[in-house]
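Shown next, in structure tokens, is the structure this report addresses.
The values are calculated or read from the model by the stated rules, or taken from the named source; none is laboratory data. Everything quoted here is computed from the prediction, not taken from an experiment. Neighbour counts run over all protein chains shown; Cβ positions are idealised from the backbone, glycine included. All accessible areas refer to the heavy atoms of the entire protein, side chains included, with ligands and DNA or RNA removed. Shrake-Rupley method; radii C 1.70, N 1.55, O 1.52, S 1.80 Å.
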Amino acid sequence: MSDTFARLLALDWGTSSLRAFLMQDGKIIETRQSDHGIQHLPSPGVRGFEQALQAIAGDWVQHQPTFAIVASGMVGSAQGWLEAPYVLCPADIRMLAHQRVTVPSGLGPDLVIAPGVLFDQPEQIPDVMRGEEIQIAGALSENRQWSARCCVVLPGTHSKWVLVENGRLLRFSTYMTGELFAVLCQHSILGRLLPDDRKVAARAGPEAFELGLAEARQGHTGDLTHQMFATRTLGLTGRLPPDALADYLSGLLIGSELVSGLAGIGEQATMPLVLIGESALCQRYADAFSILGRPVAAMLGNTAAPGLWNFALASGLIPSAS
């Protein structure tokens, strides 16, 4: 462990993984990661959460037993350590801090958990997020101009499109793009023509991805399931080689998401588009945005750590001058 005095232990605690950040003055001193997401704990119940925290950061806490511990993600869900009820949109970091929950960590300091966010307006489909709100807070701290107005897109298993104004999350939509791609490749007839070693990365060049993107852009309401079946027929007829079929399907699903998402936020040319997530997937989304004529302003990695720092500040857990 670094000899630098830390003020915060920040935990990005999701379904499948746990990331721990030792922080001082908003900067990461040291990072660790484990597979002890909430669905992969060492043992059931509260004891499993305590064991996972002990395993990843017990020595840190023993060395500096007075620093604050904060967490975001599925650890605050109904299946997590302690449920942190959703904050209703429009929401900002101060509202998240106000509705935080606290649980004994088993290591000395209490664990403070950030709530998720709920969008629930009359005559509109409700939506939820848990963890992304903290990543967005981290992104906004990197460029204060984005707080005025931007759209944050977080590609992944369940992609999020979030409209931000004046530092508040106004509304958002979730797209099951990543999960749908995996299900279709692994558990549907479409996967039977794909190579055994099927990965998202394009190995046949960008043409198949761009073909799927074009189909999504040119399609009409209700066309998606027909266009999805073309993954099979394009292979059967030899119009696409087997190793290009996954790229066509990826382009189609991402394109469908982008067409819907851009229509949902409007076409304001002055609104920056900010991507947060894994670099290769963000690049694929950035390429698609560019083809559609809406280049992105920035691509960021995991911004949970600065978001958790700001959450701790808003919660009064660390001095604002630090």
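Once neighbouring chains are kept in place and the probe is 1.4 Å, which whole percent of the accessible area of the chain is contributed by carbon and sulfur?
Heavy-atom surface of the chain belonging to carbon and sulfur, 1.4 Å probe: 52 percent.
Taking only the Cα atoms of region 231-290, the ratio Rg/Rh comes out at 1.09, with Rh defined as the Kirkwood radius. Under the simplified labelling scheme, the Asn302-Gln283 pair shows an inter-label distance of 2.0 nm, with each label point 7 Å from Cα along Cα→Cβ. With unit charges on the beta carbon (Lys/Arg positive, Asp/Glu negative), name the residue among Pro206, Leu190, Ile254 whose Cα is farthest towards the positive pole of the charge dipole of region 138-286. Farthest towards the positive pole: Ile254. Solvent exposure of the chain amounts to 46 Å² per residue of accessible area, where only protein heavy atoms count and the probe is 1.4 Å. Here the simple spin-label model places points 7 Å from the Cα toward Cβ, and for Gln124 and Arg32 these points are separated by 4.2 nm. When the charge dipole of region 1-155 is built from unit charges on Cβ atoms (+1 for Lys and Arg, -1 for Asp and Glu) and taken about the Cα centre, the candidate among Gly138, Gln33, Gln51 whose Cα reaches farthest toward its positive end is Gly138. With the highest mean first, a sort of the peptides 55-63, 250-258 on other beta-carbon atoms found within 10 angstrom per residue produces 250-258, 55-63. Considering only beta bridges that DSSP places wholly inside region 1-156, some 65 percent are antiparallel.
Mean-square fluctuations from a GNM of the chain, with a 10 angstrom spring cutoff on Cα atoms, peak among Ala305, Ala263, Ala214 at Ala263. Per-residue 3J(HN,Hα) values for region 175-180, derived from phi via the Karplus relation 6.51 cos²θ - 1.76 cosθ + 1.60 with θ = phi - 60°, read 10, 7, 4, x, 5, 5 Hz in sequence order (x marks Gly and Pro).
Calculated [222 nm] ellipticity per residue, helices only, for the chain: -12000 deg cm²/dmol; basis is -39500 (n - 2.57) per DSSP H run with n ≥ 4, divided by all residues, nearest 500. Were the residues from Thr270 through Arg239 laid out at 0.36 nm apart, the gain over their Cα-Cα distance would be 7.2 nm.
Would you please give the FRET efficiency between Ala55 and Phe229, computed as 1/(1 + (r/R0)^6) with r the Cβ-Cβ distance and R0 = 51 Å, to the nearest 0.05? Efficiency for this residue pair is about 0.65.
Does region 1-115 come out rounded, prolate or oblate, given a ≥ b ≥ c as the square roots of the eigenvalues of its C-alpha gyration tensor, rounded meaning a/c under 1.5 and, failing that, prolate meaning a/b above b/c? The shape class here is oblate.
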